[in-house]
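The values are calculated or read from the model by the stated rules, or taken from the named source; none is laboratory data. Remember, predicted model here, so these are calculated numbers, not experimental data. FYI the Cβ positions are ideal-geometry reconstructions off the backbone, even for glycines, and counts take in every protein chain you see. These accessible areas exclude ligands, DNA and RNA; they are computed on the full protein's heavy atoms, side chains included. Shrake-Rupley method; radii C 1.70, N 1.55, O 1.52, S 1.80 Å.
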Amino acid sequence: MRAAVPGALLVLIMAQPNMATGMMPYYRHAWSLAPLLITVIFAAYLFALTPTLSILGTPPSRSGWWWRIGVGSVFGMAADLAMAVAHSAWPACVARICAGLSVGLVTGSLAGLILERRGERGRTAMASATVFGSALGTFAAAGLAQYLPAPGVTVYLVHALLLGAVALLVLSDRATRPAAPPRRAQTPHVESEAPLAGYLTGIAAWVSAGLVVALLPSYGAELLGTKNLTLLALPVTLYLVSAWVAQRVLTPNTLPAEPVTAQLIIIAGVAIAAAVSWVPSLPLLLCGGVIAGCGQGIAYRTGLRIVSAATAPDQHARISSRFAAVAYLCAAVGTIGLGIVATVASMRDAVLAAAAVLIVVAAVTSLVRRRATARAADSLLVLQPSTIA
(Lines give C-alpha, C1' and ligand atoms only; values in the text may rest on other atoms or scores of the structure.)
Protein backbone atom coordinates (compact mmCIF):
# COMPACT_ATOMS: atom_id res chain seq x y z
CA MET A 1 0.00 0.00 0.00
CA ARG A 2 2.67 2.52 1.05
CA ALA A 3 4.62 1.73 -2.11
CA ALA A 4 1.56 2.45 -4.29
CA VAL A 5 0.44 5.74 -2.70
CA PRO A 6 3.23 7.96 -4.13
CA GLY A 7 2.48 6.55 -7.59
CA ALA A 8 -1.21 7.32 -7.12
CA LEU A 9 -0.33 10.89 -6.18
CA LEU A 10 1.85 11.23 -9.27
CA VAL A 11 -1.07 9.99 -11.42
CA LEU A 12 -3.35 12.68 -9.92
CA ILE A 13 -0.71 15.40 -10.24
CA MET A 14 -0.14 14.58 -13.91
CA ALA A 15 -3.88 14.27 -14.56
CA GLN A 16 -4.62 17.86 -13.51
CA PRO A 17 -2.97 19.80 -16.39
CA ASN A 18 -4.38 17.30 -18.90
CA MET A 19 -7.99 17.62 -17.79
CA ALA A 20 -8.39 20.86 -19.72
CA THR A 21 -7.23 19.05 -22.87
CA GLY A 22 -10.21 16.72 -22.85
CA MET A 23 -12.58 19.61 -22.17
CA MET A 24 -11.06 22.13 -24.59
CA PRO A 25 -13.80 21.76 -27.26
CA TYR A 26 -16.32 22.60 -24.50
CA TYR A 27 -14.32 25.65 -23.40
CA ARG A 28 -13.81 26.77 -26.97
CA HIS A 29 -17.57 26.87 -27.50
CA ALA A 30 -18.54 28.20 -24.04
CA TRP A 31 -15.87 30.94 -23.94
CA SER A 32 -15.71 31.65 -27.69
CA LEU A 33 -11.97 30.95 -27.77
CA ALA A 34 -9.84 31.68 -30.82
CA PRO A 35 -7.15 29.06 -31.53
CA LEU A 36 -4.46 31.47 -30.32
CA LEU A 37 -6.08 31.70 -26.88
CA ILE A 38 -6.29 27.91 -26.72
CA THR A 39 -2.55 27.64 -27.26
CA VAL A 40 -1.86 30.46 -24.77
CA ILE A 41 -3.80 28.51 -22.13
CA PHE A 42 -1.73 25.42 -22.92
CA ALA A 43 1.57 27.31 -22.99
CA ALA A 44 0.92 29.04 -19.64
CA TYR A 45 1.36 25.64 -18.00
CA LEU A 46 4.72 25.04 -19.71
CA PHE A 47 6.01 28.55 -19.00
CA ALA A 48 5.35 27.96 -15.28
CA LEU A 49 6.60 24.38 -15.31
CA THR A 50 9.95 25.09 -16.99
CA PRO A 51 11.58 27.44 -14.40
CA THR A 52 10.02 25.57 -11.48
CA LEU A 53 11.43 22.28 -12.71
CA SER A 54 14.84 23.84 -13.38
CA ILE A 55 15.21 25.75 -10.11
CA LEU A 56 13.21 23.80 -7.54
CA GLY A 57 12.43 20.48 -9.19
CA THR A 58 15.51 18.54 -8.03
CA PRO A 59 15.72 18.51 -4.20
CA PRO A 60 19.28 18.19 -2.86
CA SER A 61 18.28 15.64 -0.19
CA ARG A 62 15.40 13.56 1.11
CA SER A 63 14.44 16.25 3.62
CA GLY A 64 13.55 18.54 0.73
CA TRP A 65 10.91 16.18 -0.64
CA TRP A 66 8.15 16.84 1.81
CA TRP A 67 7.58 20.57 1.54
CA ARG A 68 7.72 20.27 -2.24
CA ILE A 69 5.09 17.53 -2.22
CA GLY A 70 2.89 19.52 0.19
CA VAL A 71 3.16 22.88 -1.56
CA GLY A 72 2.92 21.29 -5.00
CA SER A 73 -0.25 19.44 -4.02
CA VAL A 74 -1.76 22.69 -2.74
CA PHE A 75 -0.97 24.34 -6.08
CA GLY A 76 -2.65 21.38 -7.82
CA MET A 77 -5.83 21.86 -5.78
CA ALA A 78 -5.64 25.63 -6.40
CA ALA A 79 -5.52 24.87 -10.13
CA ASP A 80 -8.66 22.75 -9.76
CA LEU A 81 -10.53 25.47 -7.90
CA ALA A 82 -9.43 28.17 -10.35
CA MET A 83 -10.66 26.10 -13.30
CA ALA A 84 -13.94 25.36 -11.48
CA VAL A 85 -14.75 29.09 -11.19
CA ALA A 86 -13.18 30.20 -14.49
CA HIS A 87 -15.46 31.80 -17.06
CA SER A 88 -12.86 33.02 -19.56
CA ALA A 89 -9.36 32.33 -20.83
CA TRP A 90 -7.43 34.46 -18.34
CA PRO A 91 -8.57 32.74 -15.11
CA ALA A 92 -7.82 29.50 -16.95
CA CYS A 93 -4.26 30.76 -17.55
CA VAL A 94 -3.91 31.39 -13.79
CA ALA A 95 -5.08 27.83 -13.17
CA ARG A 96 -2.59 26.50 -15.71
CA ILE A 97 0.23 28.42 -14.03
CA CYS A 98 -0.73 26.79 -10.73
CA ALA A 99 -0.69 23.40 -12.48
CA GLY A 100 2.80 24.09 -13.84
CA LEU A 101 4.05 25.02 -10.37
CA SER A 102 2.45 21.86 -8.99
CA VAL A 103 4.02 19.46 -11.50
CA GLY A 104 7.40 21.22 -11.35
CA LEU A 105 7.57 21.05 -7.56
CA VAL A 106 6.24 17.55 -7.00
CA THR A 107 7.64 15.39 -9.81
CA GLY A 108 11.28 15.18 -8.68
CA SER A 109 10.41 14.52 -5.04
CA LEU A 110 7.85 11.84 -5.87
CA ALA A 111 10.39 10.25 -8.21
CA GLY A 112 12.85 9.98 -5.32
CA LEU A 113 10.18 8.58 -3.00
CA ILE A 114 8.99 6.00 -5.54
CA LEU A 115 12.56 4.85 -6.22
CA GLU A 116 13.23 4.59 -2.49
CA ARG A 117 10.21 2.37 -1.90
CA ARG A 118 10.19 0.31 -5.11
CA GLY A 119 13.86 0.15 -6.10
CA GLU A 120 14.67 -0.07 -9.80
CA ARG A 121 11.07 -1.11 -10.50
CA GLY A 122 10.26 2.47 -9.57
CA ARG A 123 11.58 3.72 -12.91
CA THR A 124 8.91 1.73 -14.72
CA ALA A 125 6.34 2.83 -12.15
CA MET A 126 7.23 6.50 -12.71
CA ALA A 127 6.95 6.24 -16.49
CA SER A 128 3.66 4.38 -16.17
CA ALA A 129 2.20 6.84 -13.65
CA THR A 130 3.21 9.86 -15.74
CA VAL A 131 1.62 8.59 -18.95
CA PHE A 132 -1.37 6.97 -17.24
CA GLY A 133 -2.09 10.18 -15.34
CA SER A 134 -1.90 12.27 -18.50
CA ALA A 135 -4.14 9.88 -20.45
CA LEU A 136 -6.58 9.41 -17.57
CA GLY A 137 -6.87 13.16 -16.99
CA THR A 138 -7.65 13.76 -20.66
CA PHE A 139 -10.18 10.97 -21.15
CA ALA A 140 -11.84 10.90 -17.72
CA ALA A 141 -12.38 14.67 -17.71
CA ALA A 142 -13.96 14.47 -21.15
CA GLY A 143 -16.20 11.56 -20.10
CA LEU A 144 -17.32 13.18 -16.85
CA ALA A 145 -17.91 16.52 -18.55
CA GLN A 146 -19.94 14.83 -21.27
CA TYR A 147 -22.32 13.01 -18.95
CA LEU A 148 -22.37 14.88 -15.60
CA PRO A 149 -24.05 18.21 -14.83
CA ALA A 150 -22.00 21.41 -14.49
CA PRO A 151 -19.11 20.02 -16.58
CA GLY A 152 -16.74 22.88 -15.87
CA VAL A 153 -17.13 22.48 -12.09
CA THR A 154 -17.84 18.87 -11.12
CA VAL A 155 -14.74 17.39 -12.76
CA TYR A 156 -12.36 19.70 -10.94
CA LEU A 157 -14.00 19.44 -7.53
CA VAL A 158 -13.83 15.63 -7.66
CA HIS A 159 -10.15 15.79 -8.63
CA ALA A 160 -9.32 18.33 -5.89
CA LEU A 161 -10.84 16.10 -3.21
CA LEU A 162 -8.97 13.02 -4.43
CA LEU A 163 -5.69 14.95 -4.75
CA GLY A 164 -5.96 16.36 -1.22
CA ALA A 165 -6.76 12.98 0.32
CA VAL A 166 -3.89 11.12 -1.40
CA ALA A 167 -1.42 13.94 -0.65
CA LEU A 168 -2.27 13.66 3.06
CA LEU A 169 -1.61 9.91 2.92
CA VAL A 170 1.82 10.49 1.36
CA LEU A 171 2.80 13.22 3.83
CA SER A 172 1.66 11.21 6.85
CA ASP A 173 4.21 8.44 6.17
CA ARG A 174 7.79 9.73 6.05
CA ALA A 175 9.53 6.65 7.44
CA THR A 176 12.62 5.48 5.58
CA ARG A 177 12.29 1.86 4.55
CA PRO A 178 14.26 1.46 1.32
CA ALA A 179 13.39 -1.27 -1.14
CA ALA A 180 15.59 -4.33 -1.38
CA PRO A 181 18.65 -3.70 -3.58
CA PRO A 182 17.98 -4.89 -7.13
CA ARG A 183 20.01 -7.44 -8.96
CA ARG A 184 22.79 -5.84 -10.94
CA ALA A 185 21.74 -5.38 -14.54
CA GLN A 186 23.81 -4.56 -17.54
CA THR A 187 23.57 -1.00 -18.74
CA PRO A 188 22.47 -0.91 -22.36
CA HIS A 189 25.08 0.33 -24.78
CA VAL A 190 24.55 3.97 -25.76
CA GLU A 191 26.06 5.04 -29.03
CA SER A 192 28.17 8.17 -28.98
CA GLU A 193 25.94 11.02 -30.07
CA ALA A 194 26.22 14.79 -30.06
CA PRO A 195 24.25 16.23 -27.09
CA LEU A 196 22.69 18.75 -29.49
CA ALA A 197 21.09 15.84 -31.37
CA GLY A 198 19.53 14.74 -28.08
CA TYR A 199 18.10 18.18 -27.35
CA LEU A 200 16.73 18.50 -30.90
CA THR A 201 15.07 15.09 -30.59
CA GLY A 202 13.45 16.08 -27.29
CA ILE A 203 12.28 19.37 -28.80
CA ALA A 204 10.66 17.51 -31.70
CA ALA A 205 8.92 15.19 -29.24
CA TRP A 206 7.40 18.04 -27.27
CA VAL A 207 6.53 20.30 -30.18
CA SER A 208 4.41 17.42 -31.46
CA ALA A 209 2.92 16.99 -27.98
CA GLY A 210 2.02 20.68 -27.92
CA LEU A 211 0.25 20.37 -31.25
CA VAL A 212 -1.69 17.24 -30.24
CA VAL A 213 -2.64 18.31 -26.73
CA ALA A 214 -3.48 21.95 -27.47
CA LEU A 215 -5.10 21.81 -30.89
CA LEU A 216 -6.08 18.28 -31.92
CA PRO A 217 -9.39 18.10 -29.99
CA SER A 218 -10.55 21.41 -31.47
CA TYR A 219 -9.20 20.39 -34.88
CA GLY A 220 -11.25 17.20 -34.69
CA ALA A 221 -14.39 19.05 -33.58
CA GLU A 222 -14.06 21.47 -36.49
CA LEU A 223 -13.52 18.80 -39.15
CA LEU A 224 -15.67 15.94 -37.89
CA GLY A 225 -18.67 18.03 -36.89
CA THR A 226 -19.10 16.48 -33.42
CA LYS A 227 -19.32 17.96 -29.93
CA ASN A 228 -18.89 14.63 -28.11
CA LEU A 229 -16.01 15.34 -25.75
CA THR A 230 -15.22 11.66 -25.20
CA LEU A 231 -14.70 11.05 -28.93
CA LEU A 232 -12.64 14.21 -29.30
CA ALA A 233 -10.39 13.22 -26.40
CA LEU A 234 -9.61 9.82 -27.94
CA PRO A 235 -6.80 10.99 -30.31
CA VAL A 236 -4.91 12.65 -27.44
CA THR A 237 -5.47 9.68 -25.13
CA LEU A 238 -4.22 7.23 -27.75
CA TYR A 239 -1.26 9.53 -28.46
CA LEU A 240 -0.20 9.41 -24.80
CA VAL A 241 -0.77 5.68 -24.38
CA SER A 242 1.09 4.93 -27.62
CA ALA A 243 4.06 6.97 -26.42
CA TRP A 244 4.31 4.78 -23.33
CA VAL A 245 3.73 1.49 -25.18
CA ALA A 246 6.39 2.31 -27.78
CA GLN A 247 8.94 2.92 -25.02
CA ARG A 248 8.08 -0.42 -23.45
CA VAL A 249 7.98 -2.52 -26.63
CA LEU A 250 11.01 -1.11 -28.48
CA THR A 251 14.26 -1.40 -26.57
CA PRO A 252 16.85 1.39 -27.01
CA ASN A 253 18.83 1.38 -30.26
CA THR A 254 16.35 -0.99 -31.91
CA LEU A 255 15.70 1.48 -34.75
CA PRO A 256 18.49 2.56 -37.13
CA ALA A 257 19.55 6.19 -36.63
CA GLU A 258 17.03 6.27 -33.79
CA PRO A 259 16.93 10.06 -33.14
CA VAL A 260 16.04 10.82 -36.76
CA THR A 261 13.84 7.75 -37.27
CA ALA A 262 11.75 8.65 -34.21
CA GLN A 263 11.22 12.15 -35.60
CA LEU A 264 10.20 10.74 -38.98
CA ILE A 265 7.57 8.60 -37.23
CA ILE A 266 6.20 11.74 -35.56
CA ILE A 267 6.09 13.53 -38.91
CA ALA A 268 4.23 10.59 -40.48
CA GLY A 269 1.61 10.74 -37.72
CA VAL A 270 1.18 14.50 -38.06
CA ALA A 271 0.87 14.12 -41.86
CA ILE A 272 -1.91 11.55 -41.42
CA ALA A 273 -3.70 13.90 -39.01
CA ALA A 274 -3.34 16.70 -41.57
CA ALA A 275 -5.02 14.49 -44.19
CA VAL A 276 -8.21 14.59 -42.09
CA SER A 277 -8.80 18.13 -43.39
CA TRP A 278 -9.27 16.62 -46.86
CA VAL A 279 -10.76 13.26 -45.82
CA PRO A 280 -12.76 13.82 -42.60
CA SER A 281 -12.50 10.54 -40.70
CA LEU A 282 -12.24 9.76 -36.99
CA PRO A 283 -10.28 6.50 -37.61
CA LEU A 284 -7.79 8.48 -39.70
CA LEU A 285 -7.37 11.03 -36.92
CA LEU A 286 -6.92 8.24 -34.36
CA CYS A 287 -4.34 6.58 -36.59
CA GLY A 288 -2.39 9.83 -36.81
CA GLY A 289 -2.47 10.20 -33.03
CA VAL A 290 -1.21 6.64 -32.47
CA ILE A 291 1.66 6.92 -34.95
CA ALA A 292 2.74 10.37 -33.72
CA GLY A 293 2.54 9.09 -30.14
CA CYS A 294 4.83 6.15 -30.89
CA GLY A 295 7.37 8.54 -32.38
CA GLN A 296 7.04 10.94 -29.46
CA GLY A 297 7.71 8.26 -26.85
CA ILE A 298 10.79 6.94 -28.66
CA ALA A 299 12.07 10.45 -29.42
CA TYR A 300 11.82 11.71 -25.86
CA ARG A 301 13.49 8.60 -24.44
CA THR A 302 16.24 8.71 -27.06
CA GLY A 303 16.93 12.41 -26.53
CA LEU A 304 17.19 11.96 -22.77
CA ARG A 305 19.55 8.99 -23.17
CA ILE A 306 21.81 10.98 -25.49
CA VAL A 307 22.18 14.03 -23.27
CA SER A 308 22.77 11.93 -20.13
CA ALA A 309 25.08 9.34 -21.73
CA ALA A 310 28.34 11.10 -20.84
CA THR A 311 27.12 12.27 -17.42
CA ALA A 312 27.96 10.80 -14.03
CA PRO A 313 25.00 9.00 -12.39
CA ASP A 314 24.74 11.57 -9.59
CA GLN A 315 24.20 14.28 -12.22
CA HIS A 316 21.42 12.52 -14.10
CA ALA A 317 18.65 14.28 -12.19
CA ARG A 318 20.13 17.70 -12.98
CA ILE A 319 20.63 16.85 -16.66
CA SER A 320 17.13 15.37 -16.90
CA SER A 321 15.63 18.56 -15.47
CA ARG A 322 17.62 20.71 -17.93
CA PHE A 323 16.60 18.48 -20.84
CA ALA A 324 12.93 18.65 -19.84
CA ALA A 325 13.10 22.42 -19.35
CA VAL A 326 14.54 22.99 -22.85
CA ALA A 327 11.95 20.68 -24.43
CA TYR A 328 9.03 22.24 -22.54
CA LEU A 329 10.11 25.80 -23.29
CA CYS A 330 10.42 25.10 -27.01
CA ALA A 331 7.05 23.34 -26.91
CA ALA A 332 5.45 26.40 -25.31
CA VAL A 333 6.90 28.79 -27.89
CA GLY A 334 6.10 26.42 -30.75
CA THR A 335 2.54 25.89 -29.57
CA ILE A 336 1.83 29.62 -29.41
CA GLY A 337 3.30 29.96 -32.91
CA LEU A 338 0.96 27.25 -34.17
CA GLY A 339 -1.93 28.99 -32.42
CA ILE A 340 -1.11 32.20 -34.31
CA VAL A 341 -1.12 30.27 -37.60
CA ALA A 342 -4.46 28.64 -36.73
CA THR A 343 -5.99 32.01 -35.84
CA VAL A 344 -4.68 33.94 -38.84
CA ALA A 345 -5.18 31.09 -41.33
CA SER A 346 -6.82 27.79 -40.25
CA MET A 347 -6.38 24.72 -38.08
CA ARG A 348 -5.28 22.77 -41.16
CA ASP A 349 -2.54 25.30 -41.86
CA ALA A 350 -1.35 25.03 -38.25
CA VAL A 351 -1.03 21.24 -38.55
CA LEU A 352 0.84 21.61 -41.85
CA ALA A 353 3.10 24.26 -40.28
CA ALA A 354 3.87 21.85 -37.44
CA ALA A 355 4.82 19.17 -39.96
CA ALA A 356 7.12 21.66 -41.73
CA VAL A 357 8.82 22.64 -38.45
CA LEU A 358 9.32 18.99 -37.51
CA ILE A 359 10.85 18.26 -40.92
CA VAL A 360 13.35 21.09 -40.43
CA VAL A 361 14.25 19.84 -36.93
CA ALA A 362 14.74 16.29 -38.28
CA ALA A 363 16.98 17.60 -41.08
CA VAL A 364 19.10 19.59 -38.61
CA THR A 365 19.34 16.56 -36.31
CA SER A 366 20.54 14.42 -39.22
CA LEU A 367 23.16 17.04 -40.12
CA VAL A 368 24.39 17.28 -36.51
CA ARG A 369 24.71 13.49 -36.27
CA ARG A 370 26.56 13.29 -39.60
CA ARG A 371 29.09 15.91 -38.50
CA ALA A 372 29.55 14.23 -35.12
CA THR A 373 30.19 10.90 -36.85
CA ALA A 374 32.73 12.52 -39.20
CA ARG A 375 34.56 14.13 -36.26
CA ALA A 376 34.63 10.81 -34.39
CA ALA A 377 36.08 9.07 -37.46
CA ASP A 378 38.75 11.76 -37.83
CA SER A 379 39.68 11.39 -34.14
CA LEU A 380 40.11 7.64 -34.56
CA LEU A 381 42.41 8.19 -37.52
CA VAL A 382 44.53 10.62 -35.56
CA LEU A 383 44.76 8.29 -32.55
CA GLN A 384 45.49 5.16 -34.64
CA PRO A 385 49.21 4.22 -34.27
CA SER A 386 51.27 4.27 -37.42
CA THR A 387 52.30 0.88 -38.86
CA ILE A 388 55.05 2.31 -41.07
CA ALA A 389 58.53 1.25 -39.93
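Have a look at PRO91, PRO259, PRO35 and tell me which one the Gaussian network model of the chain (Cα, springs below 10 Å) gives the largest fluctuation. So, out of PRO91, PRO259, PRO35, the one fluctuating most is PRO91. For segment 86-107 and segment 249-286, compute the distance between their C-alpha centroids and round to whole Å. Measuring centre to centre over Cα atoms gives 30 Å.
Between SER277 and THR251, residue separation times 0.36 nm minus the direct Cα-Cα distance comes to 5.9 nm. Expressed as a whole percent, the accessible area of the chain that falls on carbon and sulfur atoms is 70 (1.4 Å probe).
In the elastic network of the chain, a GNM with C-alpha springs shorter than 10 Å, the most mobile of LEU255, LEU304, LEU211 is LEU255.
Considering Cα pairs under 8 angstrom that are at least six residues apart, work out the relative contact order of the chain and quote it in whole percent.
25 percent
List every DSSP H helix in the chain whose Cα atoms extend 20 Å or more along the helix's own long axis and whose mean Kyte-Doolittle hydropathy is at least 1.0. It would help to have the intermediate numbers written out before the result.
Values: long enough: 5-30 (37 Å, 0.60); 35-55 (31 Å, 1.92); 65-85 (30 Å, 1.05); 89-118 (41 Å, 1.04); 121-147 (37 Å, 0.54); 151-171 (30 Å, 2.16); 195-224 (41 Å, 1.35); 229-249 (30 Å, 1.48); 258-275 (26 Å, 1.74); 282-308 (39 Å, 1.12); 316-344 (42 Å, 1.31); 347-383 (54 Å, 1.24).
Span-like helices in the chain: 35-55, 65-85, 89-118, 151-171, 195-224, 229-249, 258-275, 282-308, 316-344, 347-383.
Note on the chain: with a GNM built from Cα contacts shorter than 10 Å, the maximum mean-square fluctuation among ILE266, ILE97, ILE319 falls on ILE319.
Note: relative contact order over segment 1-153, using C-alpha pairs below 8 Å and six or more positions apart, is 42 percent. In the full protein context, segment 14-140 carries 36 Å² of accessible surface per residue, based on a 1.4 Å probe and ignoring ligands, DNA and RNA.
Its Cα centre serving as origin, the chain has a Cβ charge dipole (Lys and Arg +1, Asp and Glu -1) of approximately 760 debye.
In the chain the Cα-Cα distances spread across 20 Å bins starting at 0 as 29, 57, 13, 1, 0 percent of all pairs.
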